[in-house]
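The values are calculated or read from the model by the stated rules, or taken from the named source; none is laboratory data. None of these values were measured; they are calculated from a predicted model. Here the Cβ is made from the backbone with ideal geometry for all residues, glycine too, and neighbour counts use every protein chain on show.
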Amino acid sequence: MVERIFDMLHDSDKLLALEPEELAGIVIEFLNLLPPERADQLLNTYNFSQIETVEGYPPEKKMEIRKALMEAWSWLDREGLIAPRPDSMGGPWFFITRRGKQVLNREAFGSVEMLSLPK
């Protein structure tokens, strides 16, 4: 069972070497794997950026990893894979969009990512 990003990618150096759009594939897969009650809790910019999200990584790299994860979050938001919840009144709460729910793994992410490229 996946409970942390660390469960999907243990190597902090590999994580930090990923471009935001590459890391976004891991983040959306992670969010889609969470049980609904846990996803509801983490689909918040404040909660997702907290230290428990990077549990398991070396302490000296946690802040850098948190920043990289927020870059990936911003990319997911811009690409329409997550979106602000209509009932959040401008708050930090998000939901996984219909498009985002299509991404159940990194392979599916690649095909969804290609849909957003200009023709």
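Only helices (runs of 4 or more DSSP H) whose full extent lies in segment 34-103 are considered here, and the ones with at least 1 residues that are of a type in the set (Ser, Thr, Tyr), free of Cβ contacts under 8 Å to residues at least 60 places away in the same chain and within 19 Å of Ala17 (Cβ to Cβ) are 62-78. If only residues of segment 50-67 that are crowded, with 16+ Cβ neighbours inside 10 Å and under 24 Å from Gly91 (Cα atoms) are counted, the one that is modelled with the lowest pLDDT is Thr53.
Kindly evaluate Ser74 against the criterion of being surrounded by 13 or more Cβ atoms within 10 Å (Cβ to Cβ), out of contact with any strand residue (DSSP E or B) (no Cβ under 7 Å at 6 or more places or on another chain), modelled with pLDDT under 90 and closer than 21 Å to Phe6 by Cα. When the stated conditions are applied, Ser74 does not pass them. Checking segment 34-45 against the condition returns no match, with no residue being surrounded by 12 or more Cβ atoms within 10 Å (Cβ to Cβ) and over 26 Å from Pro86 (Cβ atoms). In segment 10-26 there is no residue that is modelled with pLDDT of 90 or more, in contact with a Lys or Arg (Cβ under 9 Å, 6 or more places away or on another chain), hydrophobic (A, V, I, L, M, F, W, C) and assigned to a loop (DSSP other than H, G, I, E, B).
Tell me, please, whether a residue that is hydrophobic (A, V, I, L, M, F, W, C), free of Cβ contacts under 8 Å to residues at least 40 places away in the same chain and out of contact with any Ser or Thr (no Cβ under 7 Å at 6 or more places or on another chain) can be found in segment 21-28. No, segment 21-28 has no match at all.
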